[in-house]
Amino acid sequence: MSQNPRIAIVGAGNVGGNLGIRLAGSGYSVRFGVRGGSEVKDLLAKCQGRAEASSVPEAAAWADVIFLAVPAGAALEAARAMGELSGKVLVDCNNPLKWEDGPVHTPPPEGSITAALAKAFPKARVLKGFSTFGAEFHLDPKIGDTSIDVHLAGDDAEAKALVASIATRAGFTPIDVGPLRNAALVESLAILWIHLAMRAGHGRQIGFKLLKRG
Ligand SMILES: NC(=O)c1ccc[n+]([C@@H]2O[C@H](COP(=O)([O-])OP(=O)(O)OC[C@H]3O[C@@H](n4cnc5c(N)ncnc54)[C@H](OP(=O)(O)O)[C@@H]3O)[C@@H](O)[C@H]2O)c1
């Protein structure tokens, strides 16, 4: 797989927009996959000439790696709209939840949105990632000199290594958290982040960090 993969981002909202700016600023060619009527002129202007926008299927067909950042309930529908996903790396950034005096994880029967995507698109190389912190960190992954951890779960080691290399080049710290089944744990960790940030009073400028002695 190319060391300079073409990156599509489907969903140009808080997460997709900020991640696109960050990845374009890190030297990647980025294409936002947007639905008709979505206005991305201001977003493209922030991407240093390294990003374009097109329809969702055009962006997906062009890309090697596709980041999916839409409302979690729309993830499967948005992936269906991408067209042929055979061999594509699909990074699921989405967190299924409802709000009941705080965030509550609402996974599909497969255990996670990621597992549901992997089941629906068996020829895609699906992994979870870039989901366990607020969108402010997709734009700026550092607190002082410390880079925020990106938790990556998936069964395809080569795809995971590629996304880890993208994360590193863009200033994040990738952490391999194991197989696809652990995407459910990653979703739970994201729900915990939302609780801490938005229910427990810590605010959104917080992140998880794996500490190591020695
Ligand atoms: N916000 C955060 O801090 C954060 C952090 C980590 C993870 N996440 C997860 O990331 C995902 C996106 O969150 P967000 O805050 O970026 O949401 P957002 O700001 O509401 O943006 C969602 C984007 O998805 C697009 N979209 C909606 N349905 C679509 C479809 N069927 N096909 C293609 N595009 C579609 C919307 O475009 P239109 O203009 O066409 O509606 C919009 O650009 C969510 O699943 C969330 O759980 C969020």
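The values are calculated or read from the model by the stated rules, or taken from the named source; none is laboratory data. It should be emphasised that the depicted structure is a prediction, and the values quoted were computed from it without experimental measurement. Reconstructed Cβ throughout: ideal geometry from the backbone, glycine too, with neighbour counts over all protein chains shown.
Quick notes on this one:
- Long-range neighbours under 6 Å by Cβ, at least six apart or interchain, first residue under 17 Å from V70 (Cβ atoms) within the stretch 129-141, second within 7 Å of the ligand (Cβ to nearest atom): F130/C93; S131/C93; S131/N95; S131/A190; A135/N14; A135/V15; H138/V15
- I206 vs. criteria β-branched (V, I, T), over 17 Å from the mean Cα position of the chain (by Cα) and modelled with pLDDT of 95 or more: yes
- Residues of the stretch 167-214 classified as surrounded by fewer than 19 Cβ atoms within 10 Å (Cβ to Cβ), away from the ligand (no atom under 16 Å from the Cβ) and touching a residue at least 60 places away in the same chain (Cβ under 8 Å), total: 5
- Of the residues making up the stretch 83-98, those that are surrounded by 24 or more Cβ atoms within 10 Å (Cβ to Cβ) and either in contact (Cβ under 8 Å) with a residue 60 or more places away in the chain or farther than 15 Å from A124 by Cα (or both) are V89, V91, D92, C93, N94, N95.
- Neighbours by Cβ (under 6 Å, 6+ apart or cross-chain): first from the stretch 17-38, in contact (Cβ under 8 Å) with a residue 24 or more places away in the chain and within 20 Å of A78 (Cβ to Cβ); second within 9 Å of the ligand (Cβ to nearest atom) and assigned to a helix (DSSP H, G or I): N18/A135; N18/H138; L19/H138; G33/V56
- Restricting attention to the stretch 54-70, the residues being among the hydroxyl-bearing types (S, T, Y) and either more than 11 Å from the ligand (Cβ to nearest atom) or surrounded by 18 or more Cβ atoms within 10 Å (Cβ to Cβ) (or both) number 1.
- Residue in the stretch 112-126 that is free of Cβ contacts under 8 Å to residues at least 12 places away in the same chain, closer than 20 Å to D155 by Cβ and away from the ligand (no atom under 12 Å from the Cβ) present: yes
- Residues of the stretch 25-45 that turn out to be within 15 Å of the ligand (Cβ to nearest atom), loosely packed, with under 15 Cβ neighbours inside 10 Å and either more than 20 Å from N14 (Cβ to Cβ) or within 19 Å of the chain's Cα centre (by Cα) (or both), as a count: 2
- Failed criterion for K160 (all others in (1) of a type in the set (K, R); (2) closer than 23 Å to L23 by Cβ; (3) away from the ligand (no atom under 13 Å from the Cβ); (4) in contact with a Ser or Thr (Cβ under 8 Å, 6 or more places away or on another chain) hold): (4)
- Within the set G49, G73, the sole residue that is surrounded by fewer than 17 Cβ atoms within 10 Å (Cβ to Cβ) and not in a helix (DSSP H, G or I) turns out to be G49.
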